[in-house]
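J.: One structure, pasted below without further comment.
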Amino acid sequence: MTTIDRFCAHHLAAPAIAICTECDQDICAPCHGMDLRGFAMCTPCRAQYAPPEIFWEMAEWRWTFVGFVRTLIDVICAPRSFFTRTGPSADWAPAAVFGGICMGVGMFFSTLHQYTFRPEFMTTLQGYADKFDITLETARLYVFASIPLAAFVSMLMHVFLLFSALKIFGANATLPQTIRIVGYAAAAYLFLLIPPIGTFGIGHFLMIIWLFNLEVNAVRWFYNLGFWKSMGVVLIPFMFILMLGS
């Protein structure tokens, strides 16, 4: 690009020095800036994609019920753009706690729905109770008591699989950022609160759609892998989740 015949789209008399990677318009030095990945972006586009403060991470709302709910709304309402409006960070703990809560609550209600709507689940549970010589109520208690551990293990496995997949596909992934992706994407587990309609698990269906969208778009944004590579990365832990839930 030269400054002879190219001028800024926002300051018509100013020579252009770059092209905005978002709107593809010529921009001058005062307009020139960078997005969260370091790419050239003009002032209007930077304002449009300015990182919102994640309520769950703000000092005022950190790890509070209000902060959780407001962050949950942000994630669920914008599965394709939530991560494009948040920057990379090494602060993984809030996302891990957020994801653990979402997974635990979702698994709790998923189990509750199985008790209520799937008689064969109770038959299977009775079989385990007879095998270990315990009462059915004790077996129920064990199932619900194991949910926090199951959520913790699921989170660890998801992070490990996604991190490994990112490395396989050549991304410069870090564990803290991978935890943040998995943690906030886990908001999709709260769709499991929705009971099934007949034999159709609508909550599971919505959870899969939202989780896939969130993670694919996060991988595309943070690692610039392209659509198909991002899908390949996410499918590895995604298939594990499907097998775990089957």
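J.: For Kirkwood radius over Cα pairs in Å, the choices are [x] 20.3; [y] 18.7; [z] 21.4; which was calculated from the structure?
T.: Derived directly from the coordinates: [x].
J.: Another question about this same structure. What number, rounded to the nearest 500 deg cm²/dmol, is the helix-based mean residue ellipticity at 222 nm of the chain, given -39500 (n - 2.57) per DSSP H run of at least four residues and division by all its residues?
T.: Value at 222 nm, helices only, nearest 500: -19000 deg cm²/dmol.
J.: Follow-up. Once you place label points 7 Å from the Cα toward the Cβ at Thr138 and Tyr115, how far apart are they in nm?
T.: 1.8
J.: Of the peptides 116-123, 56-63, 39-46, how do they stack up when ordered by the mean number of other Cβ atoms within 10 Å, highest first?
T.: Top to bottom by mean Cβ count within 10 Å: 39-46, 56-63, 116-123.
J.: Let me ask something else. Only helices at least 30 Å long along their own axis, judged from Cα atoms, and with Kyte-Doolittle mean hydropathy of 1.0 or greater: name those in the chain from DSSP H.
T.: The qualifying helices are 93-117, 147-168, 202-223.
J.: While we're looking at this one, here's another question. Among Val69, Val105, Val182, what is the fewest-to-most ranking by other Cβ atoms within 10 Å?
T.: Starting with the residue having the fewest Cβ neighbours, the order is Val69, Val105, Val182.
J.: Collect residues whose amide H, placed 1.01 Å from N in the peptide plane, falls under 5 Å from the amide H of Ala18; neighbours closer than 5 in sequence don't count.
T.: Here the answer is Ile27, since their amide H atoms fall under 5 Å of that of Ala18.
Since every read-out is calculated from the coordinates, none of them should be taken as a lab result. Remember, predicted model here, so these are calculated numbers, not experimental data. FYI the Cβ positions are ideal-geometry reconstructions off the backbone, even for glycines, and counts take in every protein chain you see.
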